[in-house]
Amino acid sequence: MELGIRGKRAFICASSQGLGLACASALAAEGVNITLNGRGAAKLDDVVTTLRQAFPDIQVHSVVADLTTVSGRALILAAVPDVDILVTNNAGPPPGELADWDESALLGAMQANFIPAVQLIRGWLPGMQQRRFGRVINITSAMVKSPHYMMGLSTSARTALTAICKAISREVAADNVTINNLLPERVDTPRQEFMLQRLMAQEGIDREEARLRNAHSIAAKRYGRPEEFGAACAFLCSQQASFISGQNLQLDGGSCEALM
């Protein structure tokens, strides 16, 4: 399917690996000019080189900046004045429990998974409205709909982002600007490796057993593939998805038990 976004400009947050990189790769395959972001210059440079070789007909740039800081976001907005597509993303806070969630932890979660996305949307949304094309995709979590106790910090911050973006989406839909959320669960990325190591330490099991347990917690009985996730992102950025906004698309192998 021709998605109609060739030549558009996209900024993908936290895209040197994992879900961010999957989205960047999928957009690049559709002819979108992409700007990647990460905190490590060497790693980001390697990814840029790889994508330029894979997709020689598009522009691939990068901005080394920490999304969680005011100065980092200012650097990004100065380096990239306008975009047509924004994919927000950032690593979540560590698992924990109520005793761990003091004021500092709560603020840290919001500074990682709420404030950066909202501030970048504020920076680029007016231009999208003026050009009458814009796509905002927030990578959140399946736990926005199905909260787990140990992931309470991540769930709360990402749910706040979901709420504010739902409110914004109604105001900009008439300008052909859509805002949607992708809700992953057990997609095979470095984040899942971190969760595997945690499970291994807790249960005293080896990596193979931990991975099997996690896979069997998914209705599809397997991990999601990053390229599946990226493809969903690319479609929501397409011309064909212009009538889809304010929605939460779960990529969880059919695991959510809720009706809606």
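The values are calculated or read from the model by the stated rules, or taken from the named source; none is laboratory data. On a predicted model such as this, the values are computed, not experimentally measured, just so you know. Don't worry about glycine lacking a Cβ; one is built from the backbone with ideal geometry, like all the others, and counts go over all protein chains shown. Note: areas computed on protein heavy atoms with side chains; ligands, DNA, RNA excluded. Shrake-Rupley method; radii C 1.70, N 1.55, O 1.52, S 1.80 Å.
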Practice task
Keeping to region 74-123, report how many residues are aromatic (Phe, Trp, Tyr) and within 17 Å of the chain's Cα centre (by Cα).
Solution key: 1
Problem - Qualifying positions in region 204-236 - of a type in the set (Phe, Trp, Tyr) and within 13 Å of the chain's Cα centre (by Cα) - result: PHE229
Handout entry: Hey, ALA201 over 23 Å from ALA24 (Cβ atoms), at pLDDT 95 or above and open to solvent by 20 Å² or more (accessible area, probe 1.4 Å) or not
Key = no
Fill in the blank from the handout: (1) outside any helix (DSSP H, G or I); (2) of a type outside the set (Val, Ile, Thr); (3) exposed (fewer than 15 other Cβ atoms within 10 Å of the Cβ) all hold for PRO93 apart from (3)
Problem - Hits in region 87-108 (condition: under 26 Å from ILE76 (Cα atoms) and either among the aromatic types (Phe, Trp, Tyr) or in contact with a Gly (Cβ under 8 Å, 6 or more places away or on another chain) (or both)) - result: VAL87, ASN89, PRO93, ALA105
Fill in the blank from the handout: Listed by first then second residue, the pairs whose first member lies in region 200-217 and is of a type in the set (A, V, I, L, M, F, W, C), whose partner is assigned to a helix (DSSP H, G or I) and loosely packed, with under 14 Cβ neighbours inside 10 Å, with beta carbons under 7 Å and at least 6 positions apart or on separate chains, are MET200/ARG207
Completion exercise
Of (1) more than 23 Å from VAL136 (Cα to Cα); (2) touching a residue at least 24 places away in the same chain (Cβ under 8 Å); (3) aliphatic (A, V, I, L, M), LEU182 satisfies every one except (1)
Handout entry: Qualifying positions in region 118-142 - open to solvent by less than 10 Å² (accessible area, probe 1.4 Å), in a helix (DSSP H, G or I) and under 23 Å from GLY38 (Cβ atoms)
Key = LEU120, ILE121, TRP124
Exercise for the section: Report yes if some residue within region 108-126 is at pLDDT below 95 and within 26 Å of ALA173 (Cβ to Cβ); otherwise report no. Expected result: no
Fill in the blank from the handout: Scanning region 143-158 residue by residue, the ones that are buried (at least 17 other Cβ atoms within 10 Å of the Cβ) and either free of Cβ contacts under 8 Å to residues at least 12 places away in the same chain or among the basic types (Lys, Arg) (or both) total 2
